[in-house]
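Working notes, beginning with the structure itself.
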Amino acid sequence: MRRLAVLAAVVVCVGLGSAIAYADGAPAWCKELGLSDQQITEVKKACREFRRVEAEIGAKVQLAHIDLEELTDVEEPDIDKIEKQIDKIAGLKAQIKKAGARKMIALKKIMGPKVFQEFRAHKKQRGCLPGKASAPHGDRHPEAPKVPGCPHGGQKGHGPH
């Protein structure tokens, strides 16, 4: 029951946060880049698909961390089980990174190489991509500080968008 409540809370928080941030930023930056209505529709679809994968797998990562905590909070921890759980978490995070890479490839295809480069420069300037000191990237955590103006959830450390 506890796992179900955690899963529901993570999905709701990630979903609402992303939806609010996306509604705020994506249409504006799409228009700023001069994308057509068809391109904007395709961008929204690609971003929505990524957010869905990210929310689903992100919830699994959170639950796997809870399981890892349980494995380490015993009198005599089993290192083999702990290492297996750590590998599971790493695999889940890799799935999110791969989905992010697929999204970026899709966006490049939708926008074309020139506009995609403008998009990347715009995102880097706003601190949503690696390369800006104020926005270090690493693992995503719900308690991570927000990046102002980021249209995809706005957390520092959320990888490629």
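Mind checking which aspartates and glutamates have their C-alpha under 16 Å from K114, skipping anything on the same chain fewer than 8 residues away?
E32
For the pairs K60/K103; K81/K124; K93/K123; K44/K98; K31/K98, flag any whose C-alpha to C-alpha distance is greater than 30 Å.
Where the Cα-Cα span goes over 30 Å, the pairs concerned are K81/K124.
Would you list, by chain and number, the aspartates and glutamates whose Cα falls below 16 Å from the Cα of K97, excluding same-chain residues fewer than 8 positions away?
K97 reaches E49, E54, E56, D87, D139.
Just so you know, all these numbers are worked out from the coordinates, no wet-lab data involved. Just so you know, these numbers come straight off a predicted model, no measurement behind them.
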